[in-house]
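In what follows, a structure is listed as C-alpha cells, so that the remarks can point back to it.
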Amino acid sequence: MDTTFTSIAVFVLAAAVLGSTITPSRNKPLERRLARLEEKVDLLMAHVGAEQPQDPRMAQLDELLAEGKQIQAIKLYREITGAGLAEAKEAVERRMR
C-alpha cells in the first residue's frame, strides 16, 4: 500500500516538474491537470485513511495567526511549503477561518 502512494507521489512530482519546463502558453492546461491529479491523490488518501504528515512548524503558524501576525504567518507558510506569495496568502486566510 505504501508503494502505491509513493508511486502516485512520484507521478505527481514528475508532472509538476514537466509542467514547469513547458512554455507559458501551455502551462494553464497543465496546471489544471496537475490540480485535478492532486485532488485525486487527496481523495485516495482520504479513502484509505492515510494522513499526510504535518510539519510541526504549522503549530507555530497557528500561534502567529492567534496573535494576529498574518504577515509573519504567510512568510512561515512559504518557508514550510515553498508556495508563492499569492498561494501562501490564500492558504493562510483559509486557515484563519
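Right, ALA83: out of contact with any strand residue (DSSP E or B) (no Cβ under 6 Å at 6 or more places or on another chain) and assigned to a loop (DSSP other than H, G, I, E, B) or not? Walk me through how you get there before you give the answer.
Numbers: out of contact with any strand residue (DSSP E or B) (no Cβ under 6 Å at 6 or more places or on another chain): yes; assigned to a loop (DSSP other than H, G, I, E, B): yes.
So ALA83 fits the description; yes.
Can you confirm whether ILE8 is open to solvent by less than 80 Å² (accessible area, probe 1.4 Å), among the aliphatic types (A, V, I, L, M) and either modelled with pLDDT of 65 or more or in contact with a Phe, Trp or Tyr (Cβ under 8 Å, 6 or more places away or on another chain) (or both)? Break it down into steps so the answer makes sense when it comes.
Details: open to solvent by less than 80 Å² (accessible area, probe 1.4 Å): yes; among the aliphatic types (A, V, I, L, M): yes; either modelled with pLDDT of 65 or more or in contact with a Phe, Trp or Tyr (Cβ under 8 Å, 6 or more places away or on another chain) (or both): yes.
Yes; evaluated as a whole, the condition is true for this residue.
Can you tell me which residue within the stretch 26-37, out of those that are open to solvent by 90 Å² or more (accessible area, probe 1.4 Å) and touching a residue at least 12 places away in the same chain (Cβ under 8 Å), is farthest from ARG97 (Cα to Cα)? Quick ask: steps written out before the conclusion?
Of all residues in the stretch 26-37, those open to solvent by 90 Å² or more (accessible area, probe 1.4 Å) come to 26, 28, 31-33, 36.
In the following step, the residues that additionally are touching a residue at least 12 places away in the same chain (Cβ under 8 Å) were identified as 31, 33.
Details: GLU31: 26, ARG33: 28 Å.
So, considering only residues that are open to solvent by 90 Å² or more (accessible area, probe 1.4 Å) and touching a residue at least 12 places away in the same chain (Cβ under 8 Å), the one farthest from ARG97 (Cα to Cα) is ARG33.
Of all residues in the stretch 51-97 being open to solvent by 60 Å² or more (accessible area, probe 1.4 Å) and in contact with a Leu (Cβ under 6 Å, 6 or more places away or on another chain), which is nearest to GLU31 (Cα to Cα)?
So the residue we want is MET96.
I'd like the full set of residues that are part of a helix (DSSP H, G or I) and touching a residue at least 12 places away in the same chain (Cβ under 8 Å), limited to the stretch 55-74.
Of the residues in the stretch 55-74, the ones part of a helix (DSSP H, G or I) are 57-66, 70-74.
Across the stretch 55-74, the qualifying residues are ARG57, MET58, GLN60, LEU61, ASP62, LEU64, LEU65, GLN70, ALA73, ILE74.
The values are calculated or read from the model by the stated rules, or taken from the named source; none is laboratory data. What you see is a predicted model; the values in this text were computed from it and never measured. Because the Cβ atoms are built from the backbone with ideal geometry, glycine has one as well, and the counts that use them run over all protein chains shown. All accessible areas refer to the heavy atoms of the entire protein, side chains included, with ligands and DNA or RNA removed. Shrake-Rupley method; radii C 1.70, N 1.55, O 1.52, S 1.80 Å.
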